[in-house]
Amino acid sequence: MSDKCTHLIDYVNGQLTDTETKEFEAHFKTCSTCEEELNEIRALTDDLGFDVDPVEPPPEMKERILSAAFAEKAPVESQSSDGKKPIAVGSTTNKQEQHIQKRKKKANWLIPAMAAALFLSLIGNIYTVSQLGEPDDVAIEPSITVDSLVQRLNLQPAAETIPFQATASFVNKDHYQQLVVEAEQLSQPEDTQVYQVWLLKDGEPYRAGTFTPAEDGSGISTFDIDPEMGYDTIAITIEPDETSETPEGDIVLVEEL
Amino acid sequence: MSEHDVQLYKKLRRGEKEALEQMYDKYSKLLFSFSFKMTEEKQLAEEIVQEVFIKVWTQKSSYDETKGKFSSWLLTMTRNTVIDHHRKKREIASETATKEMTEDPDPSVEDQVEWKEKRAVVKKAISQLKPEQQKVITLFYYQGLSQQKIADSCNLPLGTVKGRLRLALKHLKTTIQDIEQNGGIIHE
């Protein structure tokens, strides 16, 4: 037993200084006695919290707490500013369930279409590709533009097991359109893998651009696009690396425009 | 974790606000009462409960079914939040807390069956412990005191606090199990 083992109670009750806490945590990793004792204390105190006399919370507490919680970022949902319902798979209401089933059908239908496109299509007509973190070749003249939101939509997971969420916004600039893709809950791609955004027209994919997520799984990327192209679908895939000219990896998110 | 809690938690993780509201309706009184027992300040108790619900909603803390009951997880999170608050407060060194009117005019917990049942069992089990064992558990668990303060209050050498506490908790657990299985007849 080490000297540090005597700190267990004070550690559990948050009575150690920051330095002592760090020292104890370092010790804890190597001390099976402390680990066993901590687990035991936790297991033994499991029921103790129920031994409290009921105290009626203030009546307004519910509103205060729920408002405060909802003001924080939701765990997975993408909040859309245009009032569209966020993705709510498995929701309790029939209406929502119908909505979701419809969405799933669309997504399933699109996957073979895209898969076929992978083999049939060669790269063509990419209008522009730009992404955060890569300097543009052409210097942009500073100018004042008035942006307007054309469309904002939630991308649907291509399979139920995919937890990723993303929204795509099309913003009208002066002479072109900008696509802003914001994603959350992304898993970190392996090795050289990257997330790739594709725009499709009649099943033919056009590479919009590439991005990698931040440490917290969130990612944002902007792409300049030609509104005249008349794309009908947007999809995100995981590609082996950033050089894929046509989709080679699995589709993770997809939505009709 | 009851089947209902499992479903509720899954919905909450998908960002369904109704799920958080239902969870609030089910557990807020328990968490508030518990938080109040530890802090003895209603406003602070509310702040603690708010922090807990925000942690649940934003998934800063996530529940793992393999680590026990959902309700116990919520209570542990509440206790840790109180302790964290005490820790910060200690740095400001304030001793102004006064005990407020604590009792619910209607001391029933009919709105939460699990609480009602567990409370009856745990209360009975605690009452069967020796007074010094009751005291060490209260000072440690509900008041979250330091080992030194527990030693001082119980007139124990510092080095024996942990041992006494573990013994008292083990005794309590055995008594709880006995009550649950045999309706309170203690078999020595």
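The values are calculated or read from the model by the stated rules, or taken from the named source; none is laboratory data. Computed from a predicted model, the values in this text were never measured in an experiment. All Cβ positions, glycine included, derive from the backbone under ideal geometry; neighbour counts span all protein chains shown. Heavy atoms of the whole protein, side chains included, go into the accessibility calculation; ligands, DNA and RNA do not. Shrake-Rupley method; radii C 1.70, N 1.55, O 1.52, S 1.80 Å.
Using a Förster distance of 41 Å, how high is the FRET efficiency between A:Asn172 and A:Asn39, based on the Cβ-Cβ distance and rounded to 0.05?
0.10
A:Asp216 to B:Glu117: FRET efficiency via 1/(1 + (r/R0)^6), r the Cβ-Cβ distance, R0 35 Å, to the nearest 0.05?
After rounding to 0.05, the efficiency reads 0.30.
At 1.4 Å probe size, with every protein chain present, just tell me what the per residue accessible area of region A:207-256 comes to in Å².
Dividing the accessible area of region A:207-256 by its residue count gives 40 Å².
So for region A:166-245, averaging the separation of alpha carbon pairs under 8 Å that are six or more residues apart and normalising by length, what relative contact order in percent results?
Relative contact order comes out at 36 percent.
Whenever you get a sec, line up A:Glu63, A:Glu242 from highest to lowest accessible area (probe 1.4 Å, protein heavy atoms).
From most accessible down to least: A:Glu63, A:Glu242.
Counting Lys and Arg as +1 and Asp and Glu as -1, each charge on the Cβ, what is the dipole of region A:173-212 about the Cα centre in debye, to the nearest 20?
160 debye
Got a number for carbon plus sulfur as a percent of region B:1-52's accessible area, 1.4 Å probe?
Taking all protein chains in place, region B:1-52 shows 41 percent carbon and sulfur surface.
Which net charge results when you count Lys and Arg as +1 and Asp and Glu as -1 among the other residues whose beta-carbon is under 13 Å from that of B:Lys60?
Once all neighbours under 13 Å are counted, the net charge is -1.
Hey, any idea what % of region A:178-257's accessible area is carbon plus sulfur with a 1.4 Å probe?
Answer for region A:178-257: carbon and sulfur cover 39 percent of the accessible area.
What are the ³J(HN,Hα) couplings of region A:20-29, residue after residue, when phi is run through the Karplus curve with 6.51, -1.76, 1.60 and θ = phi - 60°? Round to Hz, x for glycine and proline.
Couplings: 4, 4, 4, 5, 5, 4, 5, 5, 4, 4 Hz.
Hey, with R₀ at 35 Å, roughly what FRET efficiency would B:Gln148 and B:Lys60 work out to, going by the Cβ-Cβ distance, to 0.05?
Efficiency for this residue pair is about 0.65.
Give the B-A buried accessible area in Å², both sides summed, 1.4 Å probe, nearest 100.
Roughly 5700 Å² of accessible surface disappears when B and A pair.
Looking only at Cα atoms, what is the convex hull volume of region A:146-230 per residue, in Å³?
109 Å³
List, in the order given, every pair from B:Lys60/B:Lys88; B:Lys29/B:Lys88; A:Lys4/B:Lys89; A:Lys4/B:Lys88; B:Lys88/B:Lys118 whose Cα-Cα distance in the structure shown is over 28 Å.
B:Lys88/B:Lys118
Quick check: pseudo-label points 7 Å beyond the Cα along Cα→Cβ at A:Glu190 and B:His4, how many nm apart are they?
So the label points at A:Glu190 and B:His4 sit 4.3 nm apart.
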